[in-house]
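Notes follow once the structure below has been shown.
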Ligand SMILES: O=C(O)CCC(=O)c1ccccc1C(=O)O
Ligand SMILES: [Mg+2]
């Protein structure tokens, strides 16, 4: 099939005529397998502790034998559907599905939209390396461990780091931050991710501290990510006027509908985009091309399958040379499978 021509549409009649390659007459066989991956160090954020990444691998095969791989990797505490909802959706589908089935997946199943649409558009694709030359941010765990962790990642070639805050007491985190900023080399960039865990006052203190330390150290504080909870966009719009340090939205723009809403409410700062849970890739592409937003693409701890689809989008849509947030493999206990077949065969 001609994957590039696949453009999901709202209207059914348009869908069918624009999607000849996998229309009602041309169906694909659908199978899926759930997976689990254990974190070596549980991911601790303001939302709590996360021990095991669970998701679903999708496999489509068309009548010519072409295979399309997809992945559903929900994060319900971040605003996507739950794994159970995704599994229920997969279980109720027939074994033969069409593009119509896929473009009709409702917006309350955004991780499913991503998984199925990327499986469909990737059918027959053998490329599993696109995006390898994007610069990548390495994720640092909350707390003091970051002071050692960055050095290991630096040796592996990382130059941008993201550190989780809003987990411990603010005084303790500010002290570690001071230490971290003074240890990082001049060419390093640091992102802070509060996961919506700060009060307005605490966010002001962090931003003030960032602005101040920028006059003292050479490393760059690139942005403060999601300082306030999702329902406090007005506060973040306000804060973004008063400090040199930039603010990025993340949880606030977990899904495409939220992204559109924040844009409409006037957000013109940085948007962290997690394609794996955002929804339809083609609709995201359309939005980014229309609005030229400053986007930072970010992982949802997906496998090679979701990662490839997300990095394809990042390679196409990243601007301003922002490092992509996919340096997360060191959080897993076991090395990742590097191709879809070996991943599938081990499930
Ligand atoms: O964006 C990155 O650099 C790494 C990915 C990341 O931090 C993340 C991964 C899964 C769920 C939430 C988050 C987050 O940004 O809060
Ligand atoms: Mg974040």
Helix-only mean residue ellipticity at 222 nm for the chain, each DSSP H run of n ≥ 4 adding -39500 (n - 2.57), per residue, nearest 500: -10500 deg cm²/dmol
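So what is the relative contact order for the range 53-190, in percent, with contacts set as C-alpha pairs under 8 Å and at least six apart? Let's see the in-between values first.
Numbers: 164 pairs, mean separation 27.5, N = 138.
For the range 53-190, the relative contact order is 20 percent.
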Quote to one decimal, in nm, the extra length available between residue 339 and residue 108 on full extension: 0.36 nm per residue of separation minus the C-alpha distance between them. 80.2 nm
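Could you list 283, 204 so that the one with the fewest beta carbons within 10 Å of its beta carbon is first and the one with the most is last?
Values: 283 22, 204 17.
Placing the least packed residue first, the sequence is 204, 283.
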Given labels modelled 7 Å from the Cα in the Cβ direction, how far is it in nm from residue 187 to residue 92? 5.3
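When a/c is below 1.5 the answer is rounded, else prolate if a/b is larger than b/c, else oblate, so apply that to the range 58-157 with a ≥ b ≥ c taken from the square roots of the Cα gyration tensor eigenvalues. Could you put the intermediate results ahead of the total?
On the way: a/c = 3.56, a/b = 1.67, b/c = 2.13.
Cα axes put the range 58-157 in the oblate bin.
Taking each pair of distinct Cα atoms in the range 216-291 once, what is the resulting Kirkwood hydrodynamic radius in Å? Each step should come with its number before you reach the end.
Working: mean 1/r = 0.0759 Å⁻¹.
About 13.2 Å for the range 216-291.
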Principal-axis tilt of helix 83-92 within the chain, Cα atoms, nearest 10 degrees: 10
Could you compute Rg(Cα) / (2.2 N^0.38 Å) for the range 70-218, with N its residue count? 1.41
Give the angle, between 0 and 90 degrees and rounded to the nearest 10, that separates the Cα long axis of helix 110-121 from the longest principal axis of the Cα atoms of the chain. 50
Run the Debye formula on the Cα coordinates of the chain, all scatterers equal and no solvent, and tell me log10 I(q)/I(0) at q = 0.07, 0.14 1/Å. -0.29, -1.12
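In cubic angstrom, how much convex hull volume per residue do the alpha carbon atoms of the range 175-239 span?
Working: hull volume 5.1 nm³, N = 65.
In the range 175-239, the Cα convex hull volume per residue is 78 Å³.
Sorted by average packing, counted as other Cβ atoms within 10 angstrom per residue and highest first, what order do 272-281, 56-65 take?
On the way: 272-281: 26.3, 56-65: 17.3.
So the order, starting with the most tightly packed, is 272-281, 56-65.
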I want to verify a result. In a Gaussian network model of the chain, Cα cutoff 10 Å, which of these has the top mean-square fluctuation: 303, 45, 209? 209
Expressed as an acute angle from 0 to 90° and rounded to the nearest 10, what is the orientation of the C-alpha long axis of helix 146-155 relative to the principal long axis of the chain? 60
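Based on Cα coordinates alone, diagonalise the gyration tensor for the range 195-347, multiply each eigenvalue by 5, take square roots, and list the semi-axes in whole Å, largest first. Please report the intermediate quantities before stating the final value.
Working: eigenvalues 175, 74, 40 Å².
Calculated on Cα positions only, the semi-axes equal 30, 19, 14 Å.
Read-outs: derived from the displayed coordinates by stated rules, not from any lab. Source: prediction; values computed, not measured. Cβ atoms come from the backbone with ideal geometry, glycine included; neighbour counts cover every protein chain shown.
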